[in-house]
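Novice: Below you will find the structure I want to go over with you.
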Amino acid sequence: MEIRNGEIYLGGVSVEDIASRFGTPTYVYDEAKIRANYRRAYTTFKKYYPDFEMFYAVKCCNNPAIVNILRQEGAGADCASVNEILLAKKVGLSGTKVMFSGNFLSDDDIRQGLESGVIFNLDDISILPRLLKFGRPEMLSFRVNPGYGKSNVGDFVTNAGPGAKFGIHPDKVIDAYRMAKEAGIKRFGAHMMTGSCITDADYFPFVTGLLMDIIGRVSKELGIDFEFVDLGGGLGIPYKPNEPALDLDRAARLTAEMFSRKAAEYGMKAPQLKLEPARYFVGNAGWLVGRVHSIKESYKKIVGTDIGMNTLARPAMYGSYHHIYVNRKENCPRETLGLCGQLCENTDFWVKERELPANIAEGDLIVVENAGAYGFGMSYQYNGRLRPAEVLINDGDAELIRDREVFEDMVRHTHVPERLNQ
Ligand code: LLP
């Protein structure tokens, strides 16, 4: 993002241009930035652990154009559901380039996952006998809850530890692999995903040590060679101005050191190291462009925009901070204002107090930063406020990659019994 003569440019395209061509609210992604983020993460980890592969967790931003960019860079896909597996397939990713890390799977999920030939990260031992009813995968991985997790987003996205719904309790991991081995499965991996948005580099080697201690013992006791260990995602980005960024080099170096040291300690054949980040690739490469429609003087001054908890759920859902810029007003004097969306819910009052340009006015464009991750994917149609458009910028050109929803999308798939039409 840059500001030229007061006007905000995203990937070289002015927000006025974007708003006039595509309307608001619109998600905007910068292709070059996504590629650069991927390459930085890949080369840094690869430098310290050459047998390294990355998967993109599709849930983060599931537009096929975005998944394709990451596929072109070499990423596989981490999928949470059969539909995400189908999406990965649609962009040309299948077999061992796809991880299925869903939880509390239904029989249908299991059957279709098996048919698609992807790698399962089974979230619980209880799913194994159900899976074996449908077939025996050549390779299997279990998601381990190593007993600890954390997140800058708060407890909401702490995905491991005693309070988490994910993964297998450390004491049960050995039984899970024993059962799989006895069932004739020959090739194994291991997985964890302990938390999202972590900017503390030392966290990554710490949880890696916890996981390796658990699966190292499994390897020793059951004589299993783990072909890969997937440390999940979690590489964080700063959301607030002046918040320190993750020291990626330190995270990679210390994680690789811990990984190799623990593998050697337990006499394991060096497994492949996998990561499945998502926010790190797309978070700061996406913005949400909206417009101020109405300003009210009530108990305080409240600025109403077409960006609300339906288009960007994170602030209302987790209390997350997203920085806001006002086009052509960034250098103007500021006052403390509130900012909200158009839903009939007070949680939609998603910025209670923020220093914003005092002369903000109807018609102004606002840009919400770091909206690429868990933005569009978590949007919904409440109050008949439909999902935004998505636009991809490449080489100074903006292309529509998802149409803005229209009324037909709101009633699609609904059925009114004939008697109710009378
Ligand atoms: N792998 C698995 C199995 C996951 O569940 C996730 C995210 C990732 C990888 C990617 O994690 P990342 O690198 O993006 O941290 N909606 C929340 C984040 C939820 C994360 C869910 N799992 C937010 O808006 O902050």
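Novice: Where nothing but the Cβ of Lys and Arg (+1) and of Asp and Glu (-1) is charged, how large is the charge dipole of the chain around its Cα centre, in debye to the nearest 20?
Specialist: Rounded to the nearest 20 debye, it is 700 debye.
Novice: What is the chain's relative contact order, in percent, from Cα pairs under 8 angstrom and six or more apart in sequence?
Specialist: Once divided by the residue count of the chain, the mean separation gives 19 percent.
Novice: Grab the DSSP H runs of the chain that are 4 residues or longer, score each as -39,500 (n - 2.57), total them, divide by all residues and round the 222 nm result to the nearest 500 deg cm²/dmol.
Specialist: -9000 deg cm²/dmol
Novice: Antiparallel as a % of all DSSP beta bridges within the chain, to the nearest 5?
Specialist: Counting only bridges with both partners in the chain, antiparallel ones make up about 45 percent.
Novice: For every other residue with a beta carbon closer than 9 angstrom to the beta carbon of L386, add +1 if it is Lys or Arg and -1 if Asp or Glu, then tell me the sum.
Specialist: +1
Novice: Suppose all protein chains stay in the model; what accessible area per residue would a 1.4 Å probe give for region 89-162, in Å²?
Specialist: 44
Novice: Taking the Cα centre as origin and putting +1 on Lys and Arg beta-carbons and -1 on Asp and Glu beta-carbons, what dipole magnitude results for region 290-422, to the nearest 20 debye?
Specialist: In total the dipole reaches around 460 debye.
Novice: Summing Lys, Arg as +1 and Asp, Glu as -1, what charge do residues with Cβ under 15 Å from the Cβ of E265 carry, E265 excluded?
Specialist: Around E265, the charge tally is +2.
Novice: Protein chains only, probe 1.4 Å: how do H323, H191, H413, H293 rank by accessible area, largest first?
Specialist: So the residues, ranked largest to smallest area, are H413, H293, H323, H191.
Novice: Is region 342-412 best put as rounded, prolate or oblate by its Cα gyration tensor, with a ≥ b ≥ c the root eigenvalues, rounded for a/c under 1.5, and otherwise prolate when a/b is larger than b/c, oblate when not?
Specialist: The shape class here is oblate.
Novice: Additional query: Suppose each label sits 7 Å from its Cα in the direction of the beta carbon; what would the E355-D155 distance come out to in nanometres?
Specialist: 3.2
Novice: Near G283, within a Cβ-to-Cβ distance under 14 Å, what is the net charge of the other residues, with Lys and Arg +1 and Asp and Glu -1?
Specialist: Taking every Cβ under 14 Å from that of G283, the sum is +3.
Novice: Still on this structure: Any chance you could look up the accessible area of R253 with a 1.4 Å probe, heavy atoms only, rounded to 10 Å²?
Specialist: 80
Novice: Moving on to the next point. Using θ = phi - 60° and the Karplus curve 6.51 cos²θ - 1.76 cosθ + 1.60, what whole-Hz ³J(HN,Hα) does each residue of region 89-94 get, with Gly and Pro shown as x?
Specialist: 4, 4, 9, x, 10, 8
Novice: Could you name the lysines whose alpha carbon sits less than 19 Å from that of K301, not counting residues in the same chain fewer than 8 places away?
Specialist: Output for K301: K329, K352.
Novice: To the nearest 0.05, what FRET efficiency results for C332 and D397 with a Förster distance of 22 Å applied to their C-beta separation?
Specialist: 0.10
Novice: Follow-up. If you count the DSSP beta bridges with both ends in region 274-352, what percent of them are antiparallel, to the nearest 5?
Specialist: Given both bridge residues lie in region 274-352, the antiparallel proportion sits at roughly 65 percent.
Novice: Still on this structure, please answer the following. For region 135-245, give the share of DSSP beta bridges that are antiparallel, in percent and rounded to the nearest 5; count only bridges with both residues there.
Specialist: 10
Novice: Fully extended, how many nm does the chain gain between K186 and N383 (0.36 nm per residue separation, minus their Cα-Cα distance)?
Specialist: Length gained between K186 and N383: 65.8 nm.
Novice: Shifting gears a bit: Keeping the other protein chains in place, figure out the carbon and sulfur percent of the accessible area of the chain, with a 1.4 Å probe.
Specialist: 48
Novice: Can you give me the Cα centroid spacing of region 115-177 and region 22-54 in angstrom?
Specialist: 26
Novice: Would you mind telling me which residue in L275, L356, L365 has the biggest mean-square fluctuation in a Gaussian network model of the chain, where springs connect alpha carbons within a distance under 10 angstrom?
Specialist: Looking only at L275, L356, L365, the largest GNM fluctuation is found for L356.
Novice: Let me ask another. Using a 1.4 Å probe, what is the accessible area per residue for region 210-339, in Å²?
Specialist: 39
The values are calculated or read from the model by the stated rules, or taken from the named source; none is laboratory data. Computed from a predicted model, the values in this text were never measured in an experiment. Methodologically, a virtual Cβ is constructed for each residue, glycine included, from the backbone with ideal geometry; neighbour enumeration extends over all protein chains shown. Just the protein is used for accessible areas: all its heavy atoms, side chains included, with ligands, DNA and RNA removed. Shrake-Rupley method; radii C 1.70, N 1.55, O 1.52, S 1.80 Å.
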